[in-house]
Amino acid sequence: MKRNFLVVLCVLALAFTAMAETQTNNANDNVKTVEILLKEKTDAVLALLQKKDLDTSVKKERIMEIVQPVMDFALMSKLTLGKDNWGRFTPAQQTEFVDLFVERLKRSYLDKTGFYDDEKIVYQPGILAGNKVHVPMTIVSGDKPIELLYKFYNAGSRGWMAYDLEINGVSLIKSYQAQFTEMLKNGNPQDLLAELKKPVVETSSPGAPPAK
């Protein structure tokens, strides 16, 4: 009887060991998948930026075509507002907020793409963070390297998607969240939407390209 009990314990131990090894292998596969995905997208963007014959506006459009499939803008929008504030918006306001927020992201970051000057990208190993994957990289530009940390989650059928980006330790989501929370303390969703519309309106001045 005692021997049978020991046999059962050994079988269970082997089963759990095999399960742990499988989970570890799956986790490593996930990290590798995200590393490859991010490198492919980054390399594609860099190759595009090096094409001196392309107009800056064309580059911006093509960059969005490259990165948009792996950027969960809808989730990023919700996270910047937080659960409580997101619930204050009507479905129509939520849709409008996502559109305006994406436009703000485009203007904030794509406007910088015209200054590419053969910076060096240093890719670093991905990090498993619970059920998410974080991938750090460094942009070596002059004397001040820029540290980036891309945060991905598994979006099921849509694959791995980025939901946040840290630049030199500052979270994109938390930065916007602080701004929007402050705006909504003494205002309402419509006030915030009106504020977000301002940059878009300013872009549509005479002689400037029409805002999308």
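FYI, it's all coordinate maths here, none of it is from the lab. Fair warning: this is a prediction, and the values are worked out from it, not measured in the lab. Cβ placement follows ideal geometry from the backbone for every residue including glycine, while neighbour counts extend to all protein chains displayed.
With Cβ to Cβ distances under 13 Å as the rule, what net charge do the other residues near residue 41 carry (K, R +1; D, E -1)? Kindly include the intermediate steps, with their values, before the conclusion.
Numbers: positive: 39, 62; negative: 35, 40, 43, 65.
Its environment carries a net charge of -2.
Express in nm, to one decimal, how much length is gained between residue 175 and residue 61 on full extension, taking 0.36 nm for each residue of separation and deducting their alpha carbon distance.
Separation in residues times 0.36 nm, less the Cα-Cα distance, equals 38.5 nm.
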Over 29 Å (Cα to Cα) - which of 41/198; 106/174; 39/83; 41/185 fall in this group: 41/198; 39/83; 41/185
Under the Karplus relation 6.51 cos²θ - 1.76 cosθ + 1.60, θ = phi - 60°, what is the ordered set of whole-Hz ³J(HN,Hα) values for region 76-90, x standing for Gly and Pro? 4, 4, 4, 5, 5, 8, x, 4, 5, 5, 4, x, 6, 8, 6
Applying the Karplus parametrisation 6.51 cos²θ - 1.76 cosθ + 1.60 with θ = phi - 60° to the phi angles of region 44-50, what ³J(HN,Hα) value in whole Hz is obtained for each residue in order, glycine and proline being reported as x? 5, 5, 5, 4, 5, 5, 7
Summing Lys, Arg as +1 and Asp, Glu as -1, what charge do residues with Cβ under 15 Å from the Cβ of residue 185 carry, residue 185 excluded? -3
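In a shell of Cβ-Cβ distance under 13 Å around residue 175, excluding residue 175 itself, what net charge do Lys and Arg (+1) and Asp and Glu (-1) give? List each step's numbers first, then the result.
Values: positive: 104, 174; negative: 164, 166, 182.
Result for the local shell: -1.
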